[in-house]
Every structure is written in C-alpha cells, then in structure tokens.
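Trainee: The following block contains the structure, expressed as structure tokens.
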Amino acid sequence: MFFVLSKILDVALMPALWLVAVLLAAVLARGPRWRRRWQMLGLVLAFVLTQLSLSNWAMRAWERPAVRISQLPAGTFDAAVLLTGITENRQALRDRVYINRGADRLLHTLWLYRARKVRRIIISGGSGALNPDPRARTEARELAVLLRLAGVPAKDIWLEEKSRNTRENALQTRQLLKDHPEVQRLILVTSAFHMRRAEGCFRKAGLSVTTFPASYYSVLPSALSASQLLPNADAMVNWSVLIHEVAGYAIYRVLGYC
C-alpha cells in the first residue's frame, strides 16, 4: 500500500500540475476578484518555477556536497553499494541498456572500483514501476550488464533485485550481507539529492556507510549566465526533483524509516 501511495504522491507533487491547476482555477473563477487572485498566483508560480537561479540555489542547499576520492577514509572498502533508479525501460528495443541523467551513479562507482577504493560492487534495486514488465531485466541486472562491459569481473558484482524503494534498498542489502559477515566497510553511492534519505535508511537498517554523492542537478553559481534569468524549463525539472525528494524524506522521517 505504501508503495502505491508513494506513486500517487509523485503525481500530486508535480509543480507543472500545480501551475495548470492554478491557471484552470483562474479560468473557472466566478467573480473578477477571485479571477485576478488566481491569475496573480499563476504569474508568481510561473516566475518561481521557471527561474533557474532560484531552483539551483534551493537544490544546492539540499544536495550533499561532493567528496573527493582523496578525502575518503584510508584503506579499501569491502563494497560500494550502488542504488538503482537510473535506467529506462520505456524503449521498444530491449537489446541494450538505457540510462537517464543519473548515469554518474554508475560511472563514479566504476571510478571507485578502478581506483581500488572498493573490492566489489553491490547493485541494489529491482523495479520501481507499479506494474513491472516480467520480460524486462531488473534495474540491478541492467547496471550489471554495463559494469561487465566495462570489464568488472562477475565475481565482483553482487545483485540485490527485490527492493522497490530506498527503504527496501537498505533492508534487502542488509539481508544480502547476512551471508557475508566479512563485508563490513561500505560506501554508499547515489544521487546527491537522494543521499540524505538513502544514508538515513541504511543507518536505520543498522548498516554503517560512508557516503559518496554523485549525479548533481545543481551547478556552481558562477556557471549560470545572465541569459538564464529568463524562463527556463530546466528550472521546473529541478523543482520537481527537489519537491519530490524533500517530501519523500519528510515522510520517511515521520514513519521512522530514516
């Protein structure tokens, strides 16, 4: 039930939907006074949601800061835990793997492995879809295909293919590690905006992790140009991701998941 409700909440928290609802209210308002109020609210909402500088500032405040590989604790970690959620199964051709803008999760995990900071990679994630295609590979297996193509030996790739959300990532990873007591030092890799919730879930599950954020949505303020003061569709994407994640984190905190 929680999984289904979370998908419904995803839709309700879409800023674009809010803007459409406000504009529709302005059209349907009976009196001129209320019509003007709804129109004003729509203008303010449209301005805020399309300002890249505002969304970038908010996202930078929420995302966990980047960590240099040289800043990681000395020694080699027993495993990197790579969280999924970065593959796409909406294409007709299934003879390859499709990755969205969160690809740095995979690439930076591979970087850690090649830098000999981790001995193996645990990929955690089954499917986040309400009705997963039984013919499709799990998200964990999709990423394993790419790691194998990158030359990572099969023995160094462990799969957790049951989890559907962040809490289950933590619980199922803990279950997997019960059979491997020798694996103690873990480094957690997920998107920077998602790291607060992920770290909280893993610690709540009793797993001590060092965090390694990846896949940033925000950029340095100096990277923004004056032209980006104009309405920008990327700003609405940032707000959508941020609002969804902040709400998810708050709900997890209330429920005691993180």
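Please treat every number below as a calculation from the coordinates, not as lab data. Because the structure is a prediction, the values reported are computed rather than measured. In this analysis, Cβ positions are derived from the backbone assuming ideal geometry, glycine residues included, and neighbour counts consider all displayed protein chains.
Trainee: Taking every DSSP beta bridge with both residues inside the chain, roughly what % is antiparallel (nearest 5)?
Mentor: 10
Trainee: Let me ask something additional. Does anyone have the angle between helix 166-177 and the longest principal axis of the chain? Alpha-carbon axes, 0 to 90°, nearest 10?
Mentor: 0
Trainee: Take every Cα pair under 8 Å in the chain that's 6+ residues apart, average their separations, divide by the length, and report that relative contact order as a whole percent.
Mentor: Once normalised by length, the contact order is 27 percent.
Trainee: How large is ³J(HN,Hα) for each residue in the stretch 117-122, as worked out from phi by the Karplus curve 6.51 cos²θ - 1.76 cosθ + 1.60 (θ = phi - 60°), to whole Hz, x for Gly and Pro?
Mentor: In residue order, the calculated couplings are 8, 9, 7, 8, 10, 9 Hz.
Trainee: On to the next question. Using only helices, what value at 222 nm comes out for the chain when you add -39,500 (n - 2.57) per DSSP H run of length 4 or more and divide by the total residues, to the nearest 500 deg cm²/dmol?
Mentor: On the way: 9 runs with 121 residues, N = 258.
Theoretical 222 nm ellipticity from helices: -15000 deg cm²/dmol.
Trainee: Sticking with this structure for a sec: Helix 104-114 against the longest principal axis of the chain: what's the angle in degrees, Cα atoms only, rounded to the nearest 10?
Mentor: Helix 104-114 sits at roughly 20 degrees to that axis.
Trainee: Separate question: As I understand it, the value is the acute angle between the Cα axis of helix 2-12 and the longest principal axis of the Cα atoms of the chain; what does it come to in degrees, rounded to 10?
Mentor: The angle comes out near 40 degrees.
Trainee: Report the one residue of Leu52, Ile187, Ile123 whose Cα lies farthest in the direction of the positive end of the charge dipole of the chain (charges on C-beta: Lys and Arg +1, Asp and Glu -1; origin at the Cα centre).
Mentor: The one lying farthest along the dipole's positive direction is Leu52.
Trainee: Any idea what diffusion coefficient the stretch 69-214 gets from Stokes-Einstein, in µm²/s, Kirkwood Rh on alpha carbon pairs, 25 °C, 0.890 mPa s?
Mentor: Calculated translational D: 161 µm²/s.
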